[in-house]
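Contents: one structure, followed by commentary.
Values in this text are rule-based calculations from the coordinates and carry no lab data. Just so it is clear, the model here is predicted, and its values are computed rather than measured. Here Cβ is always computed from backbone atoms with ideal geometry, including for glycine, and neighbour counts include all displayed protein chains.
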Amino acid sequence: MLEQRLVEAFTRLGFDEYKKISTEDIIFSQDVFEQCARNTCGNFGRNYGCPPLSGSQEERKARVLGYQNAFLISKIMSIVSRKEMEKSMSDLDRIHRELRREFKHDDVLIMGAGPCTVCEKCAALENKPCRFPEKIQYSLEGSGIDVVRLSRDQGMTYNAGGGRVGFFTLVLY
């Protein structure tokens, strides 16, 4: 059963929390959509997992709602220093790659924090088509998902204190 395999993978890969949710529970926020358009993270138009290259606002929302179920999962990681933040992001990227590899033959969409990291350098930077469109890791925030509210509503840890925060992944199936 897919759900059981997912839970086993979350545990084995070291995620700290996971919660099964319905896609009806996902909170979309106009403010989050607008933050992307203001390019607050610097990835707008520079990555196929982020707007506007990831589709219109309606397309990004429909991509998520095309699934019925999801797991919201998190990994608590340190952001105390730039070095620790870079290590945390590298570790999370590695874990996401393993998760995507394990479920590549299943009807599963894995979305993460920040831009797609499938390629070391996104083809969008050279105005070329995506090299691996079937592997794009779409951004949660870029899809308009209010991760802070969603995680809190689900009773999950967003701010763990001591310079540690939850980095969230959404696994849709």
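From helices alone, the chain scores -10000 deg cm²/dmol at 222 nm; the rule is -39500 (n - 2.57) for each run of n ≥ 4 DSSP H residues, then divide by the residue total. Under a no-solvent Debye model with one identical scatterer per Cα of the range 5-70, what's log10 I(q)/I(0) at q = 0.20, 0.23, 0.24, 0.25 Å⁻¹? Per q value, in the given order, log10 I(q)/I(0) is -0.94, -0.99, -1.01, -1.02.
Across the range 140-153, rounded Karplus estimates of 3J(HN,Hα) from the backbone phi angles (6.51 cos²θ - 1.76 cosθ + 1.60, θ = phi - 60°) give 4, 5, x, 8, x, 7, 7, 5, 4, 5, 4, 5, 5, 4 Hz, Gly and Pro being marked x. Remark on residue 49: its backbone amide H falls under 5 Å from those of 116, a criterion applied only to residues 5 or more positions apart or on other chains, H modelled at 1.01 Å from N.
Output the relative contact order of the chain, whole-number percent, from Cα pairs under 8 angstrom with separation of 6+ residues. After rounding, I find 35 percent. For residue 160, nonlocal amide neighbours, meaning residues 5 or more places apart or on other chains whose placed amide H falls under 5 Å from its own, are 165, 166.
How many angstrom lie between the C-alpha centres of the range 142-167 and the range 81-117? Each part reduced to its Cα centre gives a spacing of 16 Å.
Note on the chain: the alpha carbon radius of gyration divided by the globular reference 2.2 N^0.38 Å gives 0.98.
Where the alpha-carbon atoms of the range 43-136 are placed on the principal axes, they occupy 36, 35, 24 Å, in descending order. Remark: the range 55-69, residue by residue, has Karplus-estimated 3J(HN,Hα) of x, 5, 4, 5, 5, 5, 5, 5, 4, 6, 6, x, 10, 9, 10 Hz, where x stands for each Gly or Pro and the curve is 6.51 cos²θ - 1.76 cosθ + 1.60 at θ = phi - 60°.
Applying a DSSP loop filter and a limit of 14 other Cβ atoms within 10 Å to the trypsin sites (Lys or Arg not before Pro) in the range 102-173 leaves 104, 121, 131.
Sequentially through the range 100-115, phi angles give Karplus couplings (6.51, -1.76, 1.60; θ = phi - 60°) of 4, 5, 5, 10, 5, 9, 9, 7, 10, 10, 10, 10, x, 7, x, x Hz, Gly and Pro residues having no value and appearing as x.
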